[in-house]
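> This is the structure, below, for whatever I ask next.
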Amino acid sequence: MSIRHGLLALLERGPRYGSQLRTEFESRTGSTWPLNVGQVYTTLSRLERDGMVAQGGRDEAGHELYTITDAGLAELRTWFEKPVDRTSPARDELAIKLAMAVGAPCVDIRDVIQSQRRHTVKAMQDYTRLKAQALVAVESGGSRERDDVAWLLVLEQLIFQTEAEARWLDHCESRLIRLSALAPTAPASPSASPGASPGASPGASPGASPGASPGASPGASPGASPQAATAPADPADVTTGTPGAR
Amino acid sequence: MSTQQPVLQLQNLTRVHGSGATEVHALRGIDLAVYPGELVAVMGPSGSGKSTLLTIAGGLDTPTSGHVIVENTDITTASVKELAALRRRSIGYVFQDYNLIPALTAAENVALPRELDGTSARKARVEALAALEEMGLGHLADRFPDEMSGGQQQRVAIARALVGDRRLVLADEPTGALDSETGESVLALLRSRCDAGAAGVLVTHEPRFAAWADRVVFLRDGAIVDQTVRSEADSLLSGQVAEA
């Protein structure tokens, strides 16, 4: 995260002292990324070393003020102009976890997906509630309007990100179901697997044997327990980790 | 919340379509209680039983077994007449395609369920105008559905669902036909009605809209497999430690 550029942007509006920068940074971003004052001063001294800010006098209360230099302004402009790099993605723990869960013997990937989905949707609920409050603040105007708008944008970014993740999880789940349904399997005998026959329950439980506890216990994945129930009917079910998944 | 009676209770609800080889279990033992002031979102892939759940909760379909209790009346054992009265007085339904009556103005649409319930036309109109006003829709009162945007129609439909003493609103993909910003305003209205004491059930496959709910219930193959409750803490995020 670019604290450095964030501070430059705040200094563009006029000279400021360290803890003031910290407060302004946090009110813009709703304390989503809290800064400690030590980080602020460390960053300021590096900026000073690089000639992007200069110490320039004190305010009435005796706080030491920092001012942006021409080099700092140029750096700031470049930062705004240049897109944030998305071509070399940061390591994403969830993507790695799901990649590892494909065919992992110790876990049902659908359980991993569901527990993540619960967590992600809950985070969205929390962000959405904050957003509803932020909207009220923005619509009522007021002296902190610029900060409120900035905070709203940050919150909406968090909502879009979690939404993308929730959608991706839904997609992973249906992808796995489709793949296990498509996998070359011996034709299932109707008595063994009527629920998996197309048309019987579209999109409902292909891959999961209907014999597997209808009305499954809450918390368990629907019609679950693929290792036990479906392995014979679906030799290539990716969720069971049997060969043929790849 | 727990000291209050639920507005809607689903008890061990099952619904089976067809029989024998083509038998489909649309719902398998659903238990759910929705309290006044609560908005519950039901999420799940298509075919998971979301809409079946909602139509049964609203008395538009009957369960194979189990009970649906609305405002202390078991609609699964109610007579046809009782059920009709309950649907007029206690249950509001919001559909994806608004379902306003094209020949009636917004106010007339909202007044309709009250008139059908025996309220005088004049009183029904007063109630309808009050409901529209309360939801910030007073300026739409005399417009016909085709003179309103989709978002406005859907907000009028919510007013219709909650006019009078009704405090249960069942919304089936209410944002499905709307762009994302308009959908959001519809959700904000639904949310505010629940904050004002209504009980809402929202069926959606959009996580962003489900996130307006107090509780999100995940449906898979006709069963509730999981649910989430939003945090009560007011200091969300602020207590978080910066990530390294």
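The values are calculated or read from the model by the stated rules, or taken from the named source; none is laboratory data. None of the values given here were measured: they were computed from a predicted structure. Counting neighbours? That spans all protein chains shown, and the Cβs are built from the backbone with ideal geometry, glycine included.
> Is it true that some residue in segment A:191-199 is modelled with pLDDT under 50, under 31 Å from the mean Cα position of the chain (by Cα) and more than 7 Å from chain B (Cβ to nearest Cβ)? So that I can check it myself, show each step before the final result.
Let us first name the residues in segment A:191-199 that are modelled with pLDDT under 50, namely A:191-199.
Restricting the remaining residues to those that are under 31 Å from the mean Cα position of the chain (by Cα) gives none.
No, that holds for no residue.
> Here is a follow-up. Does segment B:195-228 hold any residues that are more than 12 Å from chain A (Cβ to nearest Cβ) and of a type in the set (A, V, I, L, M, F, W, C), and which are they?
If the condition is that a residue be more than 12 Å from chain A (Cβ to nearest Cβ) and of a type in the set (A, V, I, L, M, F, W, C), then B:Ala196, B:Ala198, B:Ala199, B:Val201, B:Leu202, B:Val203 are the ones that fit.
> Output the strands (runs of 3 or more DSSP E) that fall wholly within segment B:147-238 and possess 2 or more residues being at pLDDT below 90, or say none.
Counting at least 2 such residues, we get B:223-229.
> Restricting the search to segment B:176-193, which residues are farther than 19 Å from B:Ala106 by Cβ and buried (at least 24 other Cβ atoms within 10 Å of the Cβ)? Talk me through it step by step, then tell me what you get.
Within segment B:176-193, the subset farther than 19 Å from B:Ala106 by Cβ is B:176, B:179-181, B:183-184, B:187, B:191.
Hit for segment B:176-193 is B:Leu187, nothing else.
> Taking the options B:Arg143, B:Arg166, name whichever one is surrounded by 16 or more Cβ atoms within 10 Å (Cβ to Cβ), within 20 Å of B:Pro102 (Cα to Cα) and of a type in the set (D, E, K, R). Before you say what the answer is, go through the steps one by one.
Details: B:Arg166 fails: within 20 Å of B:Pro102 (Cα to Cα).
Exactly one of B:Arg143, B:Arg166 is surrounded by 16 or more Cβ atoms within 10 Å (Cβ to Cβ), within 20 Å of B:Pro102 (Cα to Cα) and of a type in the set (D, E, K, R), namely B:Arg143.
> Next up: Read through the list (1) surrounded by fewer than 16 Cβ atoms within 10 Å (Cβ to Cβ); (2) in contact with an Asp or Glu (Cβ under 7 Å, 6 or more places away or on another chain); (3) closer than 29 Å to B:Gly138 by Cβ, then give the number of the only condition that B:Asn99 fails.
If we test B:Asn99 against (1) surrounded by fewer than 16 Cβ atoms within 10 Å (Cβ to Cβ); (2) in contact with an Asp or Glu (Cβ under 7 Å, 6 or more places away or on another chain); (3) closer than 29 Å to B:Gly138 by Cβ, just (2) comes out false.
> So, of the residues in segment B:1-34 that are not in a strand (DSSP E or B) and not polar (S, T, N, Q), which turns out to be nearest to the other protein chains (Cβ to nearest Cβ)?
Out of the qualifying residues, it is B:Ala21.
> Could you please find all residues in segment B:133-146 being under 19 Å from B:Gly200 (Cα atoms) and at pLDDT 90 or above?
Scanning segment B:133-146 gives no hits.
> Does A:Leu76 satisfy being over 17 Å from A:Thr23 (Cα atoms), in contact with a Leu (Cβ under 9 Å, 6 or more places away or on another chain) and either among the hydrophobic types (A, V, I, L, M, F, W, C) or part of a helix (DSSP H, G or I) (or both)?
Here the answer is yes, as A:Leu76 does meet what is asked.
> So is A:Thr87 modelled with pLDDT of 95 or more and outside any helix (DSSP H, G or I) or not?
no
> Which pairs do you get when a residue that is within 9 Å of chain B (Cβ to nearest Cβ), found in segment A:160-184, comes within reach of a residue that is of a type in the set (Gly, Ala, Ser) and buried (at least 19 other Cβ atoms within 10 Å of the Cβ), reach meaning Cβ atoms under 7 angstrom, with the pair 6+ apart or on two chains?
From residues that are within 9 Å of chain B (Cβ to nearest Cβ), the pairs are A:Thr162/A:Ala123; A:Ile177/A:Gly207.
> Restricting segment B:126-140 to residues that are acidic (Asp, Glu) and more than 19 Å from the chain's Cα centre (by Cα), which is surrounded by the most Cβ atoms within 10 Å (Cβ to Cβ)?
Top of the filtered list is B:Glu127.
> Considering each residue of segment A:104-119, count those that are buried (at least 21 other Cβ atoms within 10 Å of the Cβ) and facing another protein chain (nearest Cβ under 8 Å), and give that number.
2
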